[in-house]
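First the structure, in the form of structure tokens, and then the observations on it.
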2 protein chains.
Amino acid sequence: MVSLPAGPAGGLVRSLPPESYLADFAGAEFIDWFARCSAAARCRVTRTPLTELRRWRFDADTGNLGHDSGAFFVVEGLQVRTGYGPVREWSQPIINQPEIGILGMLVKEVDGVPYCLVQAKIEPGNHNGIQVSPTVQATRSNYTRIHQGRSTRYLEYFTDPGAGRTLVDVLQSEQGSWFLRKRNRNMVVQVTEDVPAGEDHHWLPLPELRRLLRIDGLVNMDTRTVLACLPADTFPASQPVPAGDAASALVLSTTGRGRALNDTATVLRWFTGAKSRHELSAHRIPLRDLPGWRSTPEQITHEDGRHFSIIGVTAEVGNREVAAWDQPLLYPEGRGVVAFVIKVIEGVAHLLVHARFQPGLLDGMEMGPTVQCVPENYPDGPPRFLDYVLNAPRERVLYNAVLAEEGGRFYHSQNNYLLVEAGDDFPTAVPEDYCWMTAHQLTLLLRHGYYVNVEARSLLACLQSW
Amino acid sequence: MVSLPAGPAGGLVRSLPPESYLADFAGAEFIDWFARCSAAARCRVTRTPLTELRRWRFDADTGNLGHDSGAFFVVEGLQVRTGYGPVREWSQPIINQPEIGILGMLVKEVDGVPYCLVQAKIEPGNHNGIQVSPTVQATRSNYTRIHQGRSTRYLEYFTDPGAGRTLVDVLQSEQGSWFLRKRNRNMVVQVTEDVPAGEDHHWLPLPELRRLLRIDGLVNMDTRTVLACLPADTFPASQPVPAGDAASALVLSTTGRGRALNDTATVLRWFTGAKSRHELSAHRIPLRDLPGWRSTPEQITHEDGRHFSIIGVTAEVGNREVAAWDQPLLYPEGRGVVAFVIKVIEGVAHLLVHARFQPGLLDGMEMGPTVQCVPENYPDGPPRFLDYVLNAPRERVLYNAVLAEEGGRFYHSQNNYLLVEAGDDFPTAVPEDYCWMTAHQLTLLLRHGYYVNVEARSLLACLQSW
């Protein structure tokens, strides 16, 4: 049985890091703006039984949990069979959200410095209230105003192709273990005209935004995936490296100036081979009577208390205007570990990429980080490379922060993101579902959808956070 | 009601074109080999009611039609809702074949000329018995020998990466109107050692294979898609152009030496926009009681006699050894038209690509030809550009042949493939779901899966048939 803490106690946002710490990374303008937003914000999230969620109901036939309007998303069942990994067959709830949302960042260069129009956004699942979000973050249900709320500010820059120079426009997947074939449109649009920032928005220098990635829980997932999709030659990091031996190797890796161990044709062959090697099938099934899961009026939990629960919340959320609604959220059990092992090969930093099966991914597999797991879900022994990254000596940990996943769908979901430099003991020869790639190779593939999963995209953004 | 002709009358293969005609395109060696294969081949295909197919049965719960072993494929139902196209909602049977097969061509250069190891292959749905196929054409059920037949010859060149130089290795979709998320592994492997051709195989110069694409029904779909995936700089066509004004414009288009109207970033943005513009959903539903379809022991047909039927056949097929089995086949109603309109823009030939929704495609949309339809399915008026390509003056028709689709799953499925040069009257400005691209741009995207649909891939192969 999953034990659940009480929801956040009160109405005050708790996301502002201690100012002394924040000042190491952020300028006074950002700190002021974020403090003002936090002071104005209200975020009261309380647990509500699934059976009592206003405007949500379990379908009489299937037991699937959906909104009265048919919009937003449906919690359904998924039955998985695979020849990949230790567990060959399971069932699970999954979030089916077929519509394509927009994650859009406006960028403007001023005196040679790129600025991003970020938003202070509250989501009911955020453990800390406000996080730094892209300019626009809207599902189609949002921006076609199914919820009859306010129109989405700045949306026109992303829906009207003439409004700016589009630097990024690509569909990318999101959490393939929790979402069924979800994809969002990742966009970066560069403008030249003046675009005033509304009260909830702020023009933030891109280098500063990248540095904020080093603060726990501050920069949200949608910002990270959008930043990761920026082409390598667009606004390269001004200080792209940490101090230390790995510095020049990382520059060569991110810029593409260093030679890759495996050329891109080889990488694509490897990936096709990995997809073809395993039989994978995922069938939608009714949520009712899902094998291995226990349904109560309160929540849906896994019999062994692992993986995640589906819970209900009542949210009262807003900066100045407060909106109130009910919704289900996916509440993961335990904190995940998401890590790339990075090895300098012939002077160039290479990331150890894993061809990872996740049942909700459109084609079953995408390229993921070396490690991506919740350790508690593996009572019989840690997955490959987990011990290596958790036991790495401090000087080999290039990046280490706890970042949150999408708070609009997940409740208090956090992962420990790590970039770990491999020691000389780490072999260059790797198991067949793994492949060494440079950061630049991954960035090139991000021109296309469905190659690099959202966890790996987060880490690629963090690789530019120095 | 669909009226069905009787199955092929007898056991003799009927695919050999008249020798006088064949000799315009093929050399004596090929003609001799193909005649020998045809003489040795047996292909007896007779209609059998679906309820009497040996080893196939309708599932008691769902009515889905599958094989006793669980292998091969299942005929299921699909419910489609879309904001795209004139029909917004429908149900249909669909072939669910989740396993990834291999379409593999061995290539060897001799004295600077690339040779392909083609196979004379009989499929029960071929209207003409034997067609020219890739070296290996095998589903996973085939090559893991679920059917307990002979092992697949030459398979090891495609499953053992060390055996040659891999020029192509990519997963590509197949007919998205008839297959549910089907994809095959398209491979071209170049060898340097001698690989003897077995009796059913023949080393054919690639330029000759390309010319054979001009003969109706001779080169099968699997060969066409594999040829289309060859990178533009690998074995470019020796005579890449037809005579006439379009010649140099086509060279510039296929080689990439000519400037494209829309750069690739623009093309990718256009495609992301098209995918995001339309709401598309496709749900698997039980085949039992599929709305709009009539099920009899004989077959499953559409109420209006349109689209296709699911029929059963008993096949006795073989070159020397004859194998016998029963299976369902999808029998399309009417002959399709598949055409690219090609316009010379600033001296470079551009293909008018259509972002086409097909419910079985993995991401709903791929880039298809300008026209792709069965005219009989549009009683209320022809789809866009159909009249233009059918009424084009003879001198503007650069390519015109009737080619067959996959005979292992489709019964007598044929399309009229056309490449039509646009007149000056044809506007450069096109509707929003269309985009002008060079052949080279499409070929570059074929490094990746799920961009270019199988019908467009066939036409790209035909574009090199001069």
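The values are calculated or read from the model by the stated rules, or taken from the named source; none is laboratory data. Values in this document were obtained by computation on a predicted structure and should not be read as measured data. Glycine also receives a Cβ, built like all others from the backbone with ideal geometry; neighbour counts cover every protein chain displayed. Note: areas computed on protein heavy atoms with side chains; ligands, DNA, RNA excluded. Shrake-Rupley method; radii C 1.70, N 1.55, O 1.52, S 1.80 Å.
If a residue has to be within 24 Å of A:Val313 (Cβ to Cβ) and either small (Gly, Ala, Ser) or in contact with a Leu (Cβ under 8 Å, 6 or more places away or on another chain) (or both) to count, how many in region A:61-96 make the cut?
Residues that pass the stated criteria total 18.
Is one or more of the residues making up region A:241-260 in contact (Cβ under 8 Å) with a residue 40 or more places away in the chain, within 14 Å of chain B (Cβ to nearest Cβ) and open to solvent by 20 Å² or more (accessible area, probe 1.4 Å)?
No, region A:241-260 has no match at all.
Is there a residue in region B:448-458 that is of a type in the set (Val, Ile, Thr), in contact with a strand residue (DSSP E or B) (Cβ under 9 Å, 6 or more places away or on another chain), touching a residue at least 60 places away in the same chain (Cβ under 8 Å) and buried (at least 24 other Cβ atoms within 10 Å of the Cβ)?
yes
Please find, among A:Leu209, A:Leu204, A:Leu218, the residue that is under 13 Å from the mean Cα position of the chain (by Cα), more than 14 Å from chain B (Cβ to nearest Cβ) and at negative phi.
Step by step, each of A:Leu209, A:Leu204, A:Leu218 is checked, and only A:Leu218 is under 13 Å from the mean Cα position of the chain (by Cα), more than 14 Å from chain B (Cβ to nearest Cβ) and at negative phi.
Considering only residues that are charged (D, E, K, R) and more than 30 Å from A:Glu199 (Cα to Cα), look in region A:302-339 and name the one that is most open to solvent (accessible area, probe 1.4 Å).
The qualifying residue most open to solvent (accessible area, probe 1.4 Å) is A:Arg335.
Has region B:207-224 got any residue that is polar (S, T, N, Q) and open to solvent by 50 Å² or more (accessible area, probe 1.4 Å)?
no
List the residue pairs whose Cβ atoms are under 8 Å apart, where the first residue sits in region B:261-280 and is within 9 Å of chain A (Cβ to nearest Cβ) and under 19 Å from A:Leu445 (Cβ atoms), the second is part of a helix (DSSP H, G or I) and open to solvent by 50 Å² or more (accessible area, probe 1.4 Å), and the two are 6 or more positions apart or on different chains.
Qualifying pairs under 8 Å: B:Thr264/B:Leu444; B:Arg269/A:Pro161.
Which one is farthest from B:Gln372 (Cα to Cα) among residues in region B:49-84 that are open to solvent by less than 20 Å² (accessible area, probe 1.4 Å) and part of a loop (DSSP other than H, G, I, E, B)?
My answer is B:Leu53.
Name the single residue, out of those in region B:284-300 being open to solvent by 50 Å² or more (accessible area, probe 1.4 Å) and within 14 Å of chain A (Cβ to nearest Cβ), that is farthest from B:Arg88 (Cα to Cα).
The extreme case among them is B:Pro286.
Kindly evaluate B:Gly318 against the criterion of being in contact with an Asp or Glu (Cβ under 9 Å, 6 or more places away or on another chain) and either hydrophobic (A, V, I, L, M, F, W, C) or in contact (Cβ under 8 Å) with a residue 60 or more places away in the chain (or both).
Spelling it out, it is not the case that B:Gly318 is in contact with an Asp or Glu (Cβ under 9 Å, 6 or more places away or on another chain) and either hydrophobic (A, V, I, L, M, F, W, C) or in contact (Cβ under 8 Å) with a residue 60 or more places away in the chain (or both).
Here are the criteria: (1) in a loop (DSSP other than H, G, I, E, B); (2) farther than 20 Å from B:Arg181 by Cα; (3) among the small types (Gly, Ala, Ser). Tell me which single one B:Gly360 does not satisfy.
Failed condition: (2).
Can you tell me which residue in region B:165-184 is nearest to the other protein chains (Cβ to nearest Cβ), limited to those that are assigned to a loop (DSSP other than H, G, I, E, B) and open to solvent by less than 30 Å² (accessible area, probe 1.4 Å)?
Within region B:165-184, the match that is nearest to the other protein chains (Cβ to nearest Cβ) is B:Lys182.
It is to be established whether one or more residues within region A:265-275 are under 26 Å from the mean Cα position of the chain (by Cα), within 30 Å of A:Val348 (Cβ to Cβ) and charged (D, E, K, R).
Looking through region A:265-275, at least one residue is under 26 Å from the mean Cα position of the chain (by Cα), within 30 Å of A:Val348 (Cβ to Cβ) and charged (D, E, K, R).
Out of region A:364-379, which residues are closer than 24 Å to A:Leu78 by Cα, in a loop (DSSP other than H, G, I, E, B) and out of contact with any Asp or Glu (no Cβ under 9 Å at 6 or more places or on another chain)?
Hits for region A:364-379 are A:Gly364, A:Tyr378.
Between a first residue in region B:359-384 that is under 22 Å from B:Gly273 (Cα atoms) and away from chain A (no Cβ under 14 Å) and a second residue that is in a loop (DSSP other than H, G, I, E, B) and among the polar types (S, T, N, Q), which pairs have beta carbons less than 7 Å apart while being 6 or more apart in sequence or on different chains?
Cβ pairs passing all conditions: B:Gly368/B:Asn453.
Looking at A:Arg284, A:Arg306, A:Arg288, which one is within 30 Å of B:Gly77 (Cβ to Cβ) and under 25 Å from the mean Cα position of the chain (by Cα)?
When all the criteria are applied, what remains is A:Arg284.
Restricting to region A:253-300, what's the tally of residues that are β-branched (Val, Ile, Thr) and over 30 Å from B:Thr144 (Cβ atoms)?
5
Could you say whether any residue in region B:150-159 is open to solvent by 20 Å² or more (accessible area, probe 1.4 Å), away from every other protein chain (no Cβ under 14 Å), of a type in the set (Gly, Ala, Ser) and within 30 Å of B:Glu303 (Cβ to Cβ)?
No, region B:150-159 contains no residue that is open to solvent by 20 Å² or more (accessible area, probe 1.4 Å), away from every other protein chain (no Cβ under 14 Å), of a type in the set (Gly, Ala, Ser) and within 30 Å of B:Glu303 (Cβ to Cβ).
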